[in-house]
1. Among the candidates A:LEU5, A:LEU10, A:LEU48, single out the residue that is surrounded by fewer than 21 Cβ atoms within 10 Å (Cβ to Cβ) and more than 10 Å from chain B (Cβ to nearest Cβ).
2. Checking B:MET114 against (1) within 14 Å of another protein chain (Cβ to nearest Cβ); (2) modelled with pLDDT under 90; (3) closer than 16 Å to B:ARG21 by Cα, which test does it fail?
3. Before we move on, is B:ILE403 part of a helix (DSSP H, G or I) and more than 18 Å from the chain's Cα centre (by Cα)?
4. Looking at the stretch B:202-225, which of its residues are within 14 Å of chain A (Cβ to nearest Cβ) and under 16 Å from B:VAL182 (Cα atoms)?
5. Looking at the stretch B:318-340 only, could you name the residues that are closer than 20 Å to B:ILE520 by Cβ and of a type in the set (A, V, I, L, M)?
6. Quick check on B:VAL331: is it touching an Asp or Glu at 6+ places or on another chain (Cβ under 9 Å), more than 30 Å from A:MET30 (Cα to Cα) and touching a residue at least 12 places away in the same chain (Cβ under 8 Å)?
7. Before we move on, is B:LEU134 within 36 Å of the chain's Cα centre (by Cα) and in the same structural domain as B:ILE101 (by TED's automatic domain parsing)?
8. Across the stretch B:195-206, what is the number of residues that are of a type in the set (A, V, I, L, M) and surrounded by fewer than 21 Cβ atoms within 10 Å (Cβ to Cβ)?
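The values are calculated or read from the model by the stated rules, or taken from the named source; none is laboratory data. Because the structure is a prediction, the values reported are computed rather than measured. Cβ: placed from backbone, ideal geometry, glycine included. Neighbour counts: every protein chain shown.
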Amino acid sequence: MIMTLKDVPLGSSAKVVKVNAKGPMRRRIMDMGLTKGSTVFVRKVAPLGDPLEICVRGYELSLRKSEAEVIEVE
Amino acid sequence: MSITVALAGNPNSGKTTLFNRLTGSSQKVGNWPGVTIDRKEGEIKELGATVVDLPGIYSLSPYSPEEIVSRDYLLYDDPDVVVNIVDATNMERNLYLTTQILDMGIPTVIALNMMDEVEKQGSKIDIEELSRILGCKVVGISALKGDGMDELIETLKSVPEKPKPIRLAKASENTIGKISKVLEGDVSEDKLRWFAVKVLEKDELAIERIGDLWNDVTGFIEELEEADDDESDSIVASERYDAIGEIVSKVLVSNKVPGELTVSDKIDKIVTSKWLGLPIFAGVMFVVYYISITTIGGWGTDWVNDVFFAEMVIPGVESYLESIDVAPLLVAFVVDGLLAGVGAVLGFLPQMAVLFLLLVILEDTGYMARIAFIMDRVFRRFGLSGKSFIPLLIGTGCGVPGIMASRTIESERDRKITAMTTTFVPCSAKLPIIALIAGAWFDKSALVALASYFIGILAVLISGIILKKWPSLTGTPSEFIMELPPYRTPGPVAVVKSALEKVWSFVKKAGTFIMLACGIIWFLSAFDWSLTLVDDINDSILANLGNAVTWIFVPLGWGTEWQFTVGTITGLLAKENVIGTFGVLFGYADIAETGEDIWGIISSMVTPVAGFSFLVFNLLCAPCFAAIGAMRRELGSWKATGAAVLYQTMLAYAVSMIIYQIGVLAIYGTFGLWTVISFITVAVMAYILISKDPFGQYRKRATEVAI
């Protein structure tokens, strides 16, 4: 079963395996540091349930669950 | 020795502060050609050097206008030096851009900013070692505090040598070498590596640039992808970050305990928490609104309008002109026409200034990002993002600063859609109209006001859906990957400067247009066709024109009465004018603010449904000239502004017509041609909302009317 960033429970970490997106979104995701092998920490979710706040490469990044879904992790 | 310095760096890295420090008051703001992004240029007096401030970017991808503008500048405009500002507290991600800049082979100086925060943290950075590894000078600075500025300027006195690029893994460098050989001769030598790496990344613009040579290199790329079992863009990105990781581990001795919450994190624990997040947000918004529109800003605006203009400027100018025997007509033109226009512009300034001050504070402290974070879920449904919320909120006070607040939205598409829809939400100038309608037909019911705000918000959300499907706006997908920068205390000077800058740019751009428009309307209302002054506005050109076009609004229920049409037209000047115009037209020059005096008159002229339709039309149609001017500023061209205004007016017409026709059908059973047309319109709107690509057939024409 493929696990994505969206499935990572709040408060835990995961390692990026693959970015399943194309075009501008793929570029953006990788540019912001979510590359193969990078560790991310899922800090919290916004009050209304979306987006997520994660910690990657030492800074805080927010992204929608629909965007987190394209990032395969382990 | 006029060298050109390009200033590049991530958003939130303190670039603006550095730019201000380097260039002081010599800044000029212009536009990058073809896009609505500000281009700031200034001069470093000590060097006689020109600094071009590139937009804040995370990378040099081929997608966003900010990145494209930056890469084109660096590739083709030949700056002599690049000053790359890097946030020392966030080195890994910041250096990602650096690796790409270094690939370009332009002499580079790295300004390592926020060194004061590094010190406070207790961490240490070996600047010399970093300089050695990167092959270019690194200067530690704190733009906020002003540290290191002299050293930075000193470094720029002698143009540095070309930097060494940061090498990726062996296999990749191998492939880059092979690609470079193919590209040799087609691109200039300095930029060879840049293009080779970008081609390896399968960068669209780079591929376009090398044309047929692409076929000669695909083989090499496929080889690498097979060997590494990954796609080439992912390989390059990972290896860039790997290389950066190594560099950082060599030069940074961090005092941060992994897992320990920073001050920012602790603040966010409360500010974006599940239970307190929304209430705190509501509180902050209320305070901003209260200070800028109701209290301080409001007092300022009232003072400018009621005291400064009404009691000082206008009588002053009037008596001066009369004292030097200027023809009464000219006096009237200057006072009632031009000055009214100037007054319209200046009246906004206090509210705008205060509002912008508060917004800049929200942005620079980092809270603005949290607002977008919290509100995103609501807006996402309608094709926008959380950042669209703020302009709308401000728009309830005044649409002009509201539209301008859409500046903070990074996505050009979202920014434009937000700018176009901000005025749907009733601004404070529309409140008298609401009061007029509520009083004349609906027994002063508060439901009228409620319905107005509701319809306004609905119009915004629906427009978000509709406009996203307009071909020239579909381009970049609405994404929400956004940095949450650490909370910082902004420098007061920078804040005030930034706020004033925004206000001034509005005055310059929108101001002239507004004055002109006001002058024209004055002229039309003061003269008749034989160009003699009229005593009774009913005889003026304006009234005539109103009469002539009023038939257009007959399907809306109120076109039968030309005064309503004229009222709507003068509403373009300022929405409050609707009341004033009715006053003049019906003989109540000194009409009450809510129009009480004429409630009886107008309620006998048209039905309540028509009255409500009139209200809706005025709420949604083209905003006042000041707001149109502000839209022009954000949309970038008159063509686009015209299209936006057309959209707003058409939407207003459609909605008002539907309300009227279906209203009279429901209440009086009246059925006619226009009832049918209304149902058809509803169907068309529903289609546009639901269908995936409703404008597909019109794609070609639509992209010509690119907004």
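1. On the way: A:LEU5 fails: surrounded by fewer than 21 Cβ atoms within 10 Å (Cβ to Cβ); A:LEU48 fails: more than 10 Å from chain B (Cβ to nearest Cβ).
From the options A:LEU5, A:LEU10, A:LEU48, the qualifying one is A:LEU10.
2. Going through (1) within 14 Å of another protein chain (Cβ to nearest Cβ); (2) modelled with pLDDT under 90; (3) closer than 16 Å to B:ARG21 by Cα one by one, B:MET114 breaks only (2).
3. Values: part of a helix (DSSP H, G or I): yes; more than 18 Å from the chain's Cα centre (by Cα): no.
Spelling it out, it is not the case that B:ILE403 is part of a helix (DSSP H, G or I) and more than 18 Å from the chain's Cα centre (by Cα).
4. Within the stretch B:202-225, B:LYS202, B:ALA206, B:ILE207 meet the criteria.
5. Result: B:ALA327, B:LEU329, B:LEU330, B:VAL331, B:ALA332, B:VAL334, B:VAL335, B:LEU338, B:LEU339, B:ALA340.
6. Values: touching an Asp or Glu at 6+ places or on another chain (Cβ under 9 Å): yes; more than 30 Å from A:MET30 (Cα to Cα): yes; touching a residue at least 12 places away in the same chain (Cβ under 8 Å): yes.
Considered against the rule, which asks whether it is touching an Asp or Glu at 6+ places or on another chain (Cβ under 9 Å), more than 30 Å from A:MET30 (Cα to Cα) and touching a residue at least 12 places away in the same chain (Cβ under 8 Å), B:VAL331 comes out as yes.
7. Working: within 36 Å of the chain's Cα centre (by Cα): no; in the same structural domain as B:ILE101 (by TED's automatic domain parsing): yes.
Against the criterion (within 36 Å of the chain's Cα centre (by Cα) and in the same structural domain as B:ILE101 (by TED's automatic domain parsing)), B:LEU134 does not qualify.
8. Initial filter on the stretch B:195-206 (of a type in the set (A, V, I, L, M)): B:196-197, B:199-200, B:205-206.
Then drop every residue that is not surrounded by fewer than 21 Cβ atoms within 10 Å (Cβ to Cβ), which leaves B:205.
Residues meeting the conditions: 1.
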